[in-house]
1. In nm, what is the difference between 0.36 nm times the number of residues separating Asp102 and Glu60 and their Cα-Cα distance?
2. Calculate, for Ser69 and Lys44, the FRET efficiency according to 1/(1 + (r/R0)^6) with r their C-beta to C-beta distance and R0 41 Å; round to the nearest 0.05.
3. Extending each Cα 7 Å along its Cβ direction at Lys119 and Ser17, get the distance between those two points in nm, one decimal.
4. For labels at Gln81 and Met95 in the simple 7 Å Cα→Cβ model, what's the distance in nm?
Amino acid sequence: MKKLFILIVTIIGISLSSMGQMAPTPEEDETEQGPSQSRQEWSKRTPEQRAQMQSQKMKEKLGLNDEQSKSVYDVVLSRAQKVDAIRIKTKADIMAVRLESDAKLKLILTPEQFTLMQKVKEQRGNRDSTQSGNNPNRKFKGGRGRGNR
């Protein structure tokens, strides 16, 4: 029984990860997420909320019974909590590296140069935040390749 349960959970996990890579059709996108709901809004939800919604969708689509639904919720909740912890840790690590490098640069640059560098960073941050998202002219949304700053 345990082996069967583990097998089912593994198959569901693999199915979910492969389904996550498929682009939704416009109809699916509007019906499943709603026309105004974006990935950003999804990630703002608590792990409990995301796990509840995902397990409910799985229950409806896969015809899970109550016991399976509860077990799937537990697995999905655990995954959501782990992913959130990784995101938080990664952001904190990146911020620590940035602060460390800024402190070293402050020792190298003149006060005017350092102030100018901070202004350029701020302008770049503002430009990046206005250019990201739903810009139809932007062909590639990831990485720091040539021309994607």
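1. Values: separation 42, 0.36 × 42 = 15.12 nm, distance 5.11 nm.
Result for the pair: 10.0 nm of gain on full extension.
2. Values: r = 25 Å, r/R0 = 0.60.
With R0 = 41 Å, the Cβ-Cβ based efficiency is 0.95.
3. Between Lys119 and Ser17, the simple spin-label model gives 4.9 nm.
4. Going from the Gln81 label point to the Met95 one covers 2.3 nm.
All of the numbers you see were taken from the coordinates with simple rules; none came from a lab. Worth saying up front: this structure is predicted, and the values here are computed from it rather than measured. Glycine gets a Cβ as well: all are built from the backbone with ideal geometry, and neighbour counts include every protein chain shown.
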